[in-house]
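K.L.:
After the structure tokens below, expect a handful of questions from me.
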Number of protein chains: 2
Amino acid sequence: MDLNLIKSPADIKKLDLNELETLADDLRTVLLTKLSKHGGHIGPNLGFLEATVALHYVFDSPKDKIVYDVSHQSYVHKMLTGRMEAFTDPAKYDTVTGYTEPSESEHDFFTIGHTSTSVSLASGLAKARDLKGGKENIIAVIGDGSLSGGEAFEGLDYAATLGTNFIVVVNDNEMSIAENHGGLYADLRLLRNTKGTADVNYFRSLGFAYRYVPYGNDIRSLIKAFQEVKDYPYPVVVHLNTQKGNGFKPAEADRETFHYGGPFDLSTGAPINPYEGEGYDDIFSEHTLKMMKENPLLTVITAGTPGVLGYTPEKRKAAGRQFVDVGIAEQQAVAMASGLAKGGARPVFGVVSSFLQRTYDQLSHDVAINNNPAVVNIFYGTVNGMNDVSHLGWFDIALVSNIPNWVYLAPTCAEEYVAMLDWAVKQTGGPVAIRVPGVAVTHRSGDFDTDYSDTNRYKVDRKGKDVAIIAAGAMYSLGEEVADALAGAGVNATLINPRFLSGLDTELLEDLKADHRVVVTLEDGVLDGGFGQKIASFYGTSDVKVRNYGIAKEFLNRYDARQLLEASHLTSDKLTADIQNMLK
Amino acid sequence: MDLNLIKSPADIKKLDLNELETLADDLRTVLLTKLSKHGGHIGPNLGFLEATVALHYVFDSPKDKIVYDVSHQSYVHKMLTGRMEAFTDPAKYDTVTGYTEPSESEHDFFTIGHTSTSVSLASGLAKARDLKGGKENIIAVIGDGSLSGGEAFEGLDYAATLGTNFIVVVNDNEMSIAENHGGLYADLRLLRNTKGTADVNYFRSLGFAYRYVPYGNDIRSLIKAFQEVKDYPYPVVVHLNTQKGNGFKPAEADRETFHYGGPFDLSTGAPINPYEGEGYDDIFSEHTLKMMKENPLLTVITAGTPGVLGYTPEKRKAAGRQFVDVGIAEQQAVAMASGLAKGGARPVFGVVSSFLQRTYDQLSHDVAINNNPAVVNIFYGTVNGMNDVSHLGWFDIALVSNIPNWVYLAPTCAEEYVAMLDWAVKQTGGPVAIRVPGVAVTHRSGDFDTDYSDTNRYKVDRKGKDVAIIAAGAMYSLGEEVADALAGAGVNATLINPRFLSGLDTELLEDLKADHRVVVTLEDGVLDGGFGQKIASFYGTSDVKVRNYGIAKEFLNRYDARQLLEASHLTSDKLTADIQNMLK
């Protein structure tokens, strides 16, 4: 079948069932070819391929509106909605993002990248339809893994009361990114085992009508099920049992590895450019495993992303009951950490910067007000991390450091990170967050403190005069480079590792006034609400000039980090020139 | 019974069942007397009175650990755990807070004030117990209203998998603050109607064992039920059907009004100091009801607090399907607003500043990345609002204004508020938040813009020189006072209403450099991450001196607002003196 002839869903509505099955096979071949060369979300897209074909065969997108949860499974949707060439033509692979994107197509309703949002977002579309007297179908697609998120529950609880058409397609592949965790999953298993007939039914308990489809990769079953619920006048759940990675043996066999990945060998599934280097994930997992042996009360917590913390299946097994995966439930992870700390255990939650956003209130209300010594390790909090607009790692400094009682530490390298982690786990004075520095591991020799309980003490690594460079976390190396470059130009700069993002070393800052005219701050995040602005405010009434360097407050999608840093003057050349100008 | 003889739960364990019933009556009398003179959470405490007696009779607090959700129903718990005099002795009424508070008693495990957290917090205590090999009972108390929050679902979903003792007491009084909303509530009704025997059972679907208690205000039934689940080795839900406001006729009859209130007449329930004045809640509800008539797509959303928005039962009825209560589910409220906006409707979510914290990720990911024109009205975002540590209204500026794409407006008075609300609902350029100014309504005559689409344009209300006072939102009146005082001292200050908290009027700020040496910023919130620090950063490399006025980053409990403002120099006298000093 010439896939490039499929310009819109209308083109597949003409096909008969046999042709649709051929289409699915052809889509899989093209999809796998792109994935093997380009990388991406492998398992989720293979698993939902037939369902996507069936959805577009039965429903009339974009009049009928399909909202995909996380939308990492939307590749086939893109193929069927006018973006086929982004999959068939290697030169055009990068003309589409990895998530639904309204700027690409009228078939995409939201830019999405976090879990558990599709039902809530779609419920708004449904309510708007009802207010306007529309009749179109509203369809929310959500995976079983995403059901553990509180937003998904809130969405389902509300949507069940709409009283009008609302279709939730539950894509149950019996997996989250890793295995599922939560009591709900026993019910999903029961429903699968009873072909949907069990009385104990989470979806029915919330008020949904319910239909079960045992063969969620069988186009005929899917079409039949979708035709039955099309135009159904009440909220209904269609529960599909699908196979993650369906049709590609290596992905079917190792579903965790093939959730997301880079280019791979199409025959064996072996990665083409396996990452052999050291990662902060390894450092975290190795070090916490070691600490667990010494402290049976140390508990590492993940919210559905054990891989981010370097906790492979083997390491999870080694940690045993000292490793807790709460499912994709960041609120639970943080509040539970507060309870663990109150109960005398030592909780360490590891989370991606962007997903930490789900838990602002728990960081504040459940942990900080109680001043319980929970520890959070924040990964990918950097300009050099994930560059999809839904996954930016720029906002965590403003998020964490402005909540009272949190000590937010910014190690500059692997050695300082481990020193801070050691201290954070040992201390019981209050909550501590650590910003894992960037993505690539850097090493420094030096003498790193083992005790950070005297908070907000910055460290002067080089004592100079006229200008002080306060270079936080992953920006420290750049600060060093600039200090070196300035030294070459005859300027003896002071270089400071602030270590604490959450407060000011007012004594040191006060002392700097004596022989410094300029202070610059460097941070790996957004300027607004960040670290540097606190320094600027401190010096506001003095004669010291302050310039804050960081990223401007805006959303960027698939940006080039080098260009962004350049534009933000976060390069050695630009900073050196700026400082020389300020000193004139 | 002499209640003052009850010093700890041990003292009630000696009583027989008849004496316990007498005790309950006596507790109710004392509780009602205090509530009638002092105000507080009336309905929740009356409804859970017998259950609290039964819990302390059966379990061994503090070894067994009881965690109360919101903890607004913990008054009787306080009476039974060494704090009786705070209820029997009017002089000591204020020696306890209105929530559980570890600093008061070893029977209180967390400072709590937000909903839906008890199960998550208690699950951490349970896990810590298991790691330590303990055997005590862990009990989470949660109301039916709180079950609609995503954190409660996440907690239940996790706790169901603990595999050890974990008791969830569901206090089902068939009410949230107002009526319940969500599909779950039909299941709770079904369970009540079937005496807990229905197969469709939310709690069982998550994996809990389940027990139903039809008479949740009957001490004998309660004791029997709690004795049966004590030391139960698996997670179990005890579902109580209680009567909110039990034993006080006015509170039983009008459960919404008697959820929380000030002093009242013990015989009639009539408020003793009824508030007759105008409130921003009235302004919001009246104005949005008016707008609804002109725009059938305008939708006001609350997350379980319609009263905060002035939406009485009558007004909710008048708004009909244009008023949506999603239950206590702030994440759903914001994400749904994004969907409504995308679908062409005009959503306006109203929320208390402190509860907005639950939805940072939805403000960012679900709304702002999509730039959908959702409108949020933030109430009690002020130092002059609720002063319990769990309800502080200080953090919303740092929360909202540092997320890209949100326009965060700070009206200075009722007239400007309405002008901004009108514009926010009409425009479709992107998301707009409005910080409802303080609590008491202020009026100003003047010419308020009707169009704010040219963002970040500050308004110079008085053009002076040497010093510029940038006074945001509710602080504007203070700015005016200071400008007047300075004028009396011969200083002609510039007075600026910035209107936008989320960005800088760089052109105006640049112009000020010509003839101003000092700029001061006044904001009704925490300095860290707030409005003023952005101004300080802007002027960092110039000769203009900047001083930011606001509140220091810390948690305070039941503070005195006047003292706090004084200590923060946010008074006319202190500001005037400071500015005169800076100009010297």
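A short reminder: the numbers here are calculations on the coordinates, not readings from a lab. This is a predicted model, so every value here is computed, not measured. Ideal geometry is used to build each Cβ from the backbone, glycine not excepted, and the neighbour counts take in all protein chains shown.
K.L.:
Spelling out what I want: for every residue of segment B:214-223, take phi, set θ = phi - 60°, compute 6.51 cos²θ - 1.76 cosθ + 1.60 (Karplus), and round to whole Hz; glycine and proline get x.
P.N.:
Running phi through 6.51 cos²θ - 1.76 cosθ + 1.60 with θ = phi - 60° gives x, 10, x, 10, 9, 4, 5, 4, 5, 4 Hz.
K.L.:
Straight-line reach only, C-alpha to C-alpha below 30 angstrom: list the lysines that A:LYS574 could link to, leaving out same-chain residues fewer than 8 apart.
P.N.:
A:LYS459, A:LYS463, A:LYS465, A:LYS513, A:LYS534, A:LYS545, A:LYS553, A:LYS584, B:LYS513, B:LYS534, B:LYS545
K.L.:
From the residues B:GLY269, B:ASN241, B:LEU222, which one has its Cα farthest along the dipole of segment B:216-282 in the positive direction, the dipole being from +1 and -1 charges on Cβ of Lys/Arg and Asp/Glu about the Cα centre?
P.N.:
Value: B:LEU222.
K.L.:
Kindly work out what percent of the DSSP beta bridges joining two residues of segment A:460-583 are antiparallel, to the nearest 5.
P.N.:
Numbers: 2 of 17 bridges.
Around 10 percent antiparallel, to the nearest 5.
K.L.:
Rank-order B:278-285, B:553-560 by packing density, defined as the average count of other C-beta atoms within 10 Å over each peptide's residues, highest first. Show your work: numbers first, answer last.
P.N.:
Details: B:278-285: 19.1, B:553-560: 15.8.
Highest mean packing first, the order is B:278-285, B:553-560.
K.L.:
For chain A, take the longest principal axis of its alpha carbons; what is the angle in degrees between that and the long axis of helix A:280-294, to the nearest 10 within 0 to 90?
P.N.:
Taking the Cα atoms of chain A, the angle to A:280-294 is about 80 degrees.
K.L.:
What average count of beta carbons from other chains do you get within 10 Å of the Cβ of residues in B:139-149?
P.N.:
Working: counts 0, 1, 0, 0, 0, 0, 0, 0, 2, 4, 5.
Mean shielding count: 1.
K.L.:
Compute the label-point distances linking A:SER267 to its equivalents in the other copies; points lie 7 Å from Cα along Cα→Cβ; give nm, one decimal, shortest first.
P.N.:
Result for A:SER267, in nm, nearest copy first: 9.6.
K.L.:
Summing +1 for each Lys or Arg and -1 for each Asp or Glu, what net charge is found among the other residues whose Cβ lies under 12 Å from the Cβ of A:PRO271?
P.N.:
Working: positive: none; negative: A:ASP254, A:ASP265, A:GLU276.
Summing Lys and Arg as +1 and Asp and Glu as -1 gives -3.
K.L.:
Treat the count of other C-beta atoms within 10 Å as a stand-in for reagent exposure and order A:ILE551, B:ILE219, B:ILE272, B:ILE138 from fewest to most.
P.N.:
If I rank by nearby Cβ atoms, fewest first, I get B:ILE272, B:ILE219, A:ILE551, B:ILE138.
K.L.:
Collect residues whose amide H, placed 1.01 Å from N in the peptide plane, falls under 5 Å from the amide H of A:HIS516; neighbours closer than 5 in sequence don't count.
P.N.:
So A:HIS516 has HN proximity to A:ASP466.
K.L.:
How large is the convex hull of the C-alpha atoms of segment A:460-583 per residue, in Å³? Intermediate values should be presented prior to the final figure.
P.N.:
On the way: hull volume 12.3 nm³, N = 124.
Hull volume over Cα atoms, normalised by residue count, gives 99 Å³.
K.L.:
If contacts are Cα pairs under 8 angstrom and at least 6 residues apart, what is the relative contact order of segment A:464-544 in percent?
P.N.:
Values: 107 pairs, mean separation 32.4, N = 81.
It comes to 40 percent, rounded to a whole number.
K.L.:
Between chains A and B there is a rotation axis; tell me the chain A residue with the nearest beta carbon and how many whole Å away it sits.
P.N.:
Nearest Cβ to that rotation axis, in whole Å: A:GLY150, 1.
K.L.:
Another question, if that's okay. Please identify every one of the trypsin sites (Lys or Arg not before Pro) in segment B:447-509 that sits in a loop by DSSP and has no more than 11 other beta carbons within 10 Å of its own beta carbon. Before the final figure, lay out each step's value.
P.N.:
Details: sites: B:ARG457, B:LYS459, B:ARG462, B:LYS463, B:LYS465, B:ARG499; in loops: B:ARG457, B:LYS463, B:LYS465, B:ARG499.
Sites meeting the loop and neighbour criteria: none at all.
K.L.:
Report the relative contact order of segment B:145-201, percent, no decimals, based on alpha-carbon pairs under 8 angstrom and at least 6 residues apart. List each step's numbers first, then the result.
P.N.:
Numbers: 22 pairs, mean separation 19.0, N = 57.
Relative contact order, segment B:145-201: 33 percent.
K.L.:
For A:LYS132, list the lysines whose Cα falls under 25 Å from its own Cα; do not include residues on the same chain fewer than 8 positions away.
P.N.:
Candidates past the 8-residue exclusion: A:LYS63, A:LYS65, A:LYS230, B:LYS290, B:LYS293, B:LYS315, B:LYS317, B:LYS342, B:LYS426.
K.L.:
Net charge around A:THR288, counting only other residues with Cβ within less than 15 Å of its Cβ (Lys, Arg = +1; Asp, Glu = -1)?
P.N.:
Here the charged neighbours net out to +1.
K.L.:
Of the DSSP beta bridges with both residues in the protein assembly as shown, give the percent that are antiparallel, rounding to the nearest 5. Let's see the in-between values first.
P.N.:
On the way: 14 of 124 bridges.
Percentage antiparallel, nearest 5: 10.
K.L.:
OK, next. Mean separation of Cα pairs under 8 Å and 6+ residues apart, divided by the residue count of chain A: what relative contact order is that in percent? The partial results should precede the final answer.
P.N.:
Working: 1233 pairs, mean separation 58.0, N = 584.
Value for chain A: 10 percent.
K.L.:
Let me ask something additional. What are the ³J(HN,Hα) couplings of segment A:488-500, residue after residue, when phi is run through the Karplus curve with 6.51, -1.76, 1.60 and θ = phi - 60°? Round to Hz, x for glycine and proline.
P.N.:
Per-residue couplings from phi come out as x, 9, x, 9, 9, 7, 7, 10, 10, 9, x, 6, 9 Hz.
K.L.:
Turning to a different aspect of this structure: Hey, got the average number of other protein chain Cβ atoms within 10 angstrom for residues in B:125-135? Write out the running numbers ahead of the final one.
P.N.:
Details: counts 9, 4, 11, 12, 4, 3, 12, 5, 1, 2, 0.
Per-residue shielding by partner chains comes out at 6.
K.L.:
Here's another thing I want to ask about it. Spelling out what I want: for every residue of segment A:191-205, take phi, set θ = phi - 60°, compute 6.51 cos²θ - 1.76 cosθ + 1.60 (Karplus), and round to whole Hz; glycine and proline get x.
P.N.:
Values, residue by residue: 5, 5, 5, 9, 6, x, 8, 4, 6, 6, 9, 3, 5, 5, 5 Hz.
K.L.:
Sum up the charges of everything whose Cβ sits under 12 Å from the Cβ of B:ILE167, counting Lys and Arg as +1 and Asp and Glu as -1, but leave B:ILE167 out.
P.N.:
Numbers: positive: B:LYS65, B:ARG211, B:LYS230; negative: B:ASP64, B:GLU136, B:GLU228, B:ASP231.
Around B:ILE167, the surrounding residues sum to -1.
K.L.:
Sticking with this one: Counting only residues 5 or more places away or on other chains, whose amide H sits under 5 Å from the amide H of B:TYR68 once H atoms are built in the peptide plane?
P.N.:
Those lying under 5 Å, H to H, from B:TYR68 are B:VAL141.
K.L.:
5 Å is the cut-off here: which amide hydrogens, built 1.01 Å from N in the peptide plane, fall below it relative to A:HIS239, excluding neighbours closer than 5 in sequence?
P.N.:
A:VAL170, A:ARG211, A:TYR212, A:VAL213
K.L.:
Rounded to the nearest Å, what's the spacing between the alpha carbon centres of segment B:321-392 and segment A:83-153? Just the number, please.
P.N.:
Cα centroid to Cα centroid, the span is 21 Å.
K.L.:
Let me ask you something else. Based on other C-beta atoms within 10 Å, arrange A:VAL30, A:VAL482 from fewest to most.
P.N.:
Details: A:VAL30 18, A:VAL482 29.
The fewest-first ordering by Cβ neighbours comes to A:VAL30, A:VAL482.
K.L.:
Across the protein assembly as shown, how large is the tail of the calculated P(r) beyond 55 Å, expressed as a percent of all Cα pairs?
P.N.:
Numbers: 107842 of 681528 pairs.
Roughly 16 percent, rounded to a whole number.
K.L.:
Using DSSP to define loop residues, name the trypsin sites (Lys or Arg not before Pro) in segment A:142-211 whose beta-carbon has at most 14 other beta-carbon atoms within 10 Å.
P.N.:
Working: sites: A:ARG189, A:ARG192, A:LYS195, A:ARG204, A:ARG211; in loops: A:LYS195.
Counting only loop positions with at most 14 other Cβ atoms within 10 Å, the trypsin sites (Lys or Arg not before Pro) in segment A:142-211 are A:LYS195.
K.L.:
So, one more: Would you list A:HIS77, A:HIS569 from fewest to most Cβ contacts within 10 Å?
P.N.:
A:HIS569, A:HIS77
K.L.:
Would you work out which of B:ALA253, B:MET420, B:PRO9 lies farthest towards the positive end of the dipole of chain B? Charges go on Cβ: Lys and Arg +1, Asp and Glu -1.
P.N.:
B:PRO9
K.L.:
Can you give the mean number of other chain Cβ atoms that lie within 10 Å of the Cβ atoms in peptide B:156-169?
P.N.:
On the way: counts 5, 15, 14, 5, 6, 9, 1, 1, 0, 0, 0, 0, 0, 0.
If you average over the peptide's residues, the count of other-chain Cβ atoms is 4.
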